[in-house]
Amino acid sequence: TDTVVLLGMLTFDGPANLQQACVTVRSSLQIGGDDLDDDAHIIFVNCHNQGHKSFGGGLYVGEDLTMVSGSLEIEHSSSFKGGGGLYIRKGNLHQDGGIIKLQYVYSNRSGGGLLIERGGLFQAKGEISCEQCRAERGGCLALNGTESPGLHSNGSIRAESCVVQSGPNVYECNNHAVFLRPLL
């Protein structure tokens with residue numbers, strides 16, 4: 001599978017009435033690189049996916065997302081179906097460094113900030129920061145369909161003022177931030 005690599009500074013400002021995420025990557029995505037000159041600063045603002053058939057507000061990733069260095073910031077974005085800021089369909093989030101910052105993002109269903117549908121979160125180092133995120137399940141992040149808890153963190157996950165509206169199996173992590181559901 002080919003991997004899309006994002007380096008440098010990119011800003012995506014969403015137009016009104018989207019029926020999908022601002023950016024869709026059907027394969028794997030890597031943000032940042034191993035060299036000092038390979039930093040990435042990727043920003044999504046005002047990406048509102050109002051479609052009832054697609055996931056992800058700012059960014060939809062079909063397979064793995066690897067965060068190597070730099071920053072991924074998603075602000076004031078939403079998705080009706082899930083993953084208000086970021087949605088990973090069938091893969092893992094590997095974070096080897098950098099920061100993922102989700103602010104004022106929401107979903108009517110799971111994963112206000114981040115939804116990983118069929119994979120896990122493997123954080124070697126780095127930070128995931130959620131602020132003012134909300135969803136029915138997993139205000140900050142939701143991991144759906146992992147066979148075992150797919151949350152392994154040696155970095156930090158910070159959730160501030162995140163809200164869930166309902167749902168069982170909520171792991172309370174600073175204002176009901178994380179929702180884990182086993183594969184059925």
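The values are calculated or read from the model by the stated rules, or taken from the named source; none is laboratory data. This one's a predicted model, so the numbers in the text were calculated from it and none came from an experiment. Virtual Cβ from ideal backbone geometry, glycine too; neighbours counted across all protein chains shown. Note: areas computed on protein heavy atoms with side chains; ligands, DNA, RNA excluded. Shrake-Rupley method; radii C 1.70, N 1.55, O 1.52, S 1.80 Å.
At-a-glance table
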{"item": "Any hit, the stretch 111-131, residues being of a type in the set (S, T, N, Q), within 28 Å of GLY32 (Cα to Cα) and at pLDDT 80 or above", "result": "yes"}
{"item": "GLU73, sole failed condition from (1) closer than 30 Å to ALA16 by Cβ; (2) outside any strand (DSSP E or B); (3) among the acidic types (Asp, Glu)", "result": "(2)"}
{"item": "Residue within the stretch 6-17 that is open to solvent by less than 60 Å² (accessible area, probe 1.4 Å) and either in contact with a Leu (Cβ under 8 Å, 6 or more places away or on another chain) or of a type in the set (S, T, N, Q) (or both) present", "result": "yes"}
{"item": "Any hit, the stretch 107-117, residues being farther than 25 Å from ALA159 by Cβ and of a type outside the set (Gly, Ala, Ser)", "result": "no"}
{"item": "Scope the stretch 28-66; condition assigned to a loop (DSSP other than H, G, I, E, B), open to solvent by less than 30 Å² (accessible area, probe 1.4 Å) and among the hydrophobic types (A, V, I, L, M, F, W, C); matching residues", "result": "CYS47"}
{"item": "Scope the stretch 121-145; condition hydrophobic (A, V, I, L, M, F, W, C), open to solvent by 10 Å² or more (accessible area, probe 1.4 Å) and in contact with a strand residue (DSSP E or B) (Cβ under 6 Å, 6 or more places away or on another chain); matching residues", "result": "PHE122"}
{"item": "Odd one out for ILE43, checked against (1) modelled with pLDDT of 95 or more; (2) more than 23 Å from SER156 (Cα to Cα); (3) in contact with a Ser or Thr (Cβ under 6 Å, 6 or more places away or on another chain)", "result": "(2)"}
{"item": "Failed criterion for LEU86 (all others in (1) under 17 Å from GLY113 (Cα atoms); (2) open to solvent by 10 Å² or more (accessible area, probe 1.4 Å); (3) touching a Gly at 6+ places or on another chain (Cβ under 7 Å); (4) not small (Gly, Ala, Ser) hold)", "result": "(2)"}
